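Engineer: Could you have a look at this structure, given as structure tokens, before my questions?
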Amino acid sequence: MQPVTALQSEYSLWWREPEAADAPDAASSSGVGFVPFSPLGKGFLTGKIDANTAFGKDDFRNVVPRFTEEDSPRQPGARRSRSTSIAEHKKVTPAQVALAWLLAQKPWIVPIPGTTKVSRMKEEILLRPRSS
């Protein structure tokens with residue numbers, strides 16, 4: 001039997017449920033890493049999704065309740081508006097703000113963005129500290 005070494009859970013500026021369950025601190029006190037998936041809120045925090053966004057028929061977001069028309073996050077939200085304002089002020093992308101926020105929460109948090117494009121990967125790499 002192998003010990004648990006990491007807890008993987010959705011966590012972002014948009015989905016903060018792990019905080020309510022104290023999951024990041026519980027993982028740390030157990031000597032387990034915390035690995036958030038969807039740190040960009042399934043694309044919501046990138047600034048690329050709005051009221052006019054239409055997902056392809058095979059896009060998984062079509063079955064995610066937070067993306068239904070009844071509960072549409074495509075309308076301006078306080079967290080997204082604030083992170084977009086910060087991004088504009090800092091001259092970075094909203095995705096970089098969302099990832100930086102997550103990285104600043106706890107030193108043992110290691111987010112795993114579901115990047116599928118090289119340009120997005122390069123954007124995300126810019127957040128990593130550079131060695132001298």
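Engineer: Give me a comma-separated list of calculated 3J(HN,Hα) values for the range 54-65, in order, Karplus coefficients 6.51, -1.76, 1.60 applied at θ = phi - 60°, integers in Hz, x for any Gly or Pro.
Structural biologist: Values per residue, Gly and Pro as x: 10, 7, x, 5, 9, 6, 4, 5, 5, 10, 8, x Hz.
Engineer: Give me, ordered by chain and number, the residues 5 or more places off F34 or on other chains with an amide H under 5 Å from its own placed amide H.
Structural biologist: Those lying under 5 Å, H to H, from F34 are L7, V110.
Engineer: Do any of K42/K122; K48/K106; K48/K117 go past 23 Å between their Cα atoms, and which? Kindly include the intermediate steps, with their values, before the conclusion.
Structural biologist: Values: K42/K122 18 Å; K48/K106 27 Å; K48/K117 14 Å.
Flagged as over cut-off: K48/K106.
Engineer: Can you work out the Karplus-derived ³J(HN,Hα) for every residue in the range 87-102? Use 6.51 cos²θ - 1.76 cosθ + 1.60 with θ = phi - 60°, whole Hz, and x for glycine or proline.
Structural biologist: Those phi angles translate into 4, 4, 5, 8, 6, 10, 8, x, 5, 5, 5, 4, 5, 4, 4, 5 Hz.
Engineer: While we're looking at this one, here's another question. Please list, in order along the range 37-46, the HN-Hα scalar couplings obtained from phi with the Karplus expression 6.51 cos²θ - 1.76 cosθ + 1.60 (θ = phi - 60°), rounded to whole Hz, x for Gly and Pro.
Structural biologist: 9, 6, x, 9, x, 6, x, 4, 7, 7
Any read-out appearing in this document is the output of simple, stated calculations on the displayed coordinates, not a laboratory observation. These figures come from a predicted structure and were not determined experimentally.
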